Amino acid sequence: MKTKKRLFKNTLLLAMLFMFTTSVSFAQDALIYVEQYWVKPSKRNEFMTARKSILNEFEKHKFPYSSSFSFLSDGSSISLSRIKSFADLDNNPYKEFSEKVGVAKFSKMSEDHDKCLDNITRFILHYKDDLSYRPKGETFEGHDFARIYFLYINPGEGKKVYDKIKSIKDSFTKKGAIANFTIYRSGIGTPNEYYAVVLSGKDEAHVSKMYEDNDKIVGEDVNKSIDELFMMASKKEILYSWSNDNLSYKVKK
C-alpha cells in the first residue's frame, strides 16, 4: 500500500510540472500526458484551496514552469502535459523544489491535495499537427473555452478516418476557413480508439458563431464531408472545457 501511494504522488507531481494551459500552441506532433481528476463533491472547496496553496509556493519560489487547470462538463477537472518521451513519466523533477519549500511542508500540501480526490485517470494522447487547422498559427491562443467531440472508431477504420480529417483540413486551408480545430488521437491508457476534435474559442457562443460564419466560407461540399466524418464514428460524445486562471500559474518573464 505504501508503494502504491508513493507512485501515485510521483505521478501527480510529474503532471503538475508539465501541465500547460490552453494558450499553449504546438508546432509539431507531440505526446500529451493527461490526468483527469474526479474531486469528491464535498471536497471541492478544499481541493481548490489546496491547489492555490501549491501555486502560491510556485510564485514565492519562482517555479520555472507554467501550469494550468480546466473544468470539464462531466464534473471532472483535467491537466494536459506535453512530454518529450515516455521516459519523462519516470522522472520526479520536484526534488529541488520540495527542498526549497521544505520536504515536510511540501508533503503536507500534496496530502491535502490528494485526499480531495475520489479517483484519477491517466492516459496518453497524440497531438496531430498534420490534421489540426490553425488559421492564425496558434491552437488555443486567448481561448478559454473548448467544445470537444470524441469520435470513436472501430478497429481497422483508423486510416479511413485519418484520410477524411486530412481532406477536411486541406479544404479549410484552400478556402481560407476562419474556424480552428485541433485533433488528438487516443493512445496508451485509453480503453477505446478515438479521435478528439477540439473546437476552441472565448466561450460557447463565440465557438457557435465562428462555425456558423465558417459554414458560409467553406461551402456545402466541405460541410457534407464534415457530416460524413461524424457518420463514420461508431459512437460520438461531446464534452465542454473551461480553463480557470485562478487555479493556474504562469511564469513571469
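The values are calculated or read from the model by the stated rules, or taken from the named source; none is laboratory data. This is a predicted model, so every value here is computed, not measured. Don't worry about glycine lacking a Cβ; one is built from the backbone with ideal geometry, like all the others, and counts go over all protein chains shown. What goes into the accessible areas is simple: the full protein's heavy atoms, side chains included, and nothing from ligands, DNA or RNA. Shrake-Rupley method; radii C 1.70, N 1.55, O 1.52, S 1.80 Å.
Lys and Arg at +1, Asp and Glu at -1: add these up for the other residues within a Cβ distance under 13 Å of TYR249 and post the number. If you can, show how the numbers build up before the last one.
Working: positive: ARG51, LYS52, LYS60, LYS62, LYS250, LYS252; negative: GLU57, GLU59, ASP245.
Summing Lys and Arg as +1 and Asp and Glu as -1 gives +3.
Starting from the Cα gyration tensor of the range 163-218, take the square roots of the eigenvalues, sort them a ≥ b ≥ c, and report rounded, prolate or oblate (rounded when a/c is under 1.5, otherwise prolate if a/b is larger than b/c, else oblate). It would help to have the intermediate numbers written out before the result.
Values: a/c = 3.43, a/b = 1.50, b/c = 2.28.
Oblate shape, in that a/c is at least 1.5 and b/c is the bigger or equal ratio.
Take the residue pairs LYS164/LYS236; LYS202/LYS252; LYS52/LYS202 and return only those whose Cα atoms are more than 19 Å apart.
LYS202/LYS252; LYS52/LYS202
Taking LYS250 as the anchor, which aspartates and glutamates have their alpha carbon closer than 20 Å to its alpha carbon, excluding any fewer than eight residues away along the same chain?
GLU35, GLU57, GLU59, GLU96, GLU138, GLU141, ASP144
Taking Rh as the Kirkwood radius, which is the inverse of the mean 1/r over Cα pairs, what is the Rg/Rh value for the range 177-253?
On the Cα set of the range 177-253, Rg over Rh gives 1.04.
Over the range 99-253, what percent of the accessible surface lies on carbon and sulfur atoms, probe 1.4 Å?
Carbon plus sulfur share of accessible area: 50 percent.
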